[in-house]
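Here it is, the structure, as structure tokens.
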Amino acid sequence: MFQFFRNRPALLEKTYQIAERAAWALNPLIAKIGYERVARLITPAEDFAKERVFGCHHCGQCILHSTGMSCPMECPKNLRNGPCGGVRPSGHCEVKPEMRCVWVVAYENSRQMPIYGHELIEIQPPVNRRLEHTSAWINMLTGVDKQGPAGWAPIEEVIG
Ligand code: SF4
């Protein structure tokens, strides 16, 4: 069943869009209840679904909709801004030859995603390991997932 969803990026992005809108609509209520309290309630279900559909590694900064619904943390090098130079001609990974490169899958999927597919070229901040095993949904609402480390700035800000 989970493979059914994994192979349908357009369905996954629509589902994500609905969930994201619902999360923002509920944000005032969630803030009132308390982000930590809600995180404790939703994290088990979030982990369960994401592990099975995406092979989630619980980074706490989910960017799946920007990476063709292909989890960049599945990459053995955890690359979040495109592939390394070792992608095999077959499209497989140089570290795990049995696996297709997550960025090849991301590219293929993003071409089937009319809503978020264009985000594939966005520059992602370095992963913040302190957010591991926290709720990515709650981190999205609080904005902590968008904060880069001190000294880091998106390329658009660097080049003006
Ligand atoms: S080939 Fe792809 S999945 Fe493998 S290490 Fe390089 S970028 Fe990551």
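Could you tell me the number of lysine pairs in the chain with C-alpha atoms less than 25 Å from each other, where the two lysines are 8 or more residues apart or belong to different chains?
Lysine pairs meeting both conditions in the chain amount to 8.
Still on this structure, I have one more. Residues of the range 28-62 with amide nitrogen under 12 Å from the 7 Å Cα-to-Cβ point of N78?
57-61
I'd like the orientation of helix 9-33 relative to the chain: the angle between its Cα long axis and the longest Cα principal axis, in ° from 0 to 90, rounded to 10.
So the helix axis and the longest Cα principal axis differ by about 20 degrees.
Per residue of the chain, what 222 nm ellipticity follows from adding -39500 (n - 2.57) for every DSSP H run with n ≥ 4, rounded to the nearest 500?
Taken over the chain, the calculation gives -13500 deg cm²/dmol.
If you don't mind, there's one more thing I want to ask. Cα extents of the chain along the three principal axes, largest first, in whole Å?
52, 44, 28
Taking the Cα-to-Cβ direction at A150 and at E36 and moving 7 Å from each Cα, how far apart do the two end points lie in nm?
Inter-label distance under the simple model: 2.4 nm.
Just round it to a whole percent: the fraction of Cα-Cα distances in the range 75-143 exceeding 15 Å.
Across the range 75-143, Cα pairs with separations above 15 Å total 63 percent.
Ranked from highest to lowest mean number of other Cβ atoms within 10 Å per residue, what is the order of the peptides 59-70, 30-41, 101-112?
Final packing ranking: 59-70, 101-112, 30-41.
A short reminder: the numbers here are calculations on the coordinates, not readings from a lab. Everything quoted here is computed from the prediction, not taken from an experiment. Quick reminder, even Gly has a Cβ in these numbers, built from the backbone with ideal geometry, and neighbours come from all protein chains shown.
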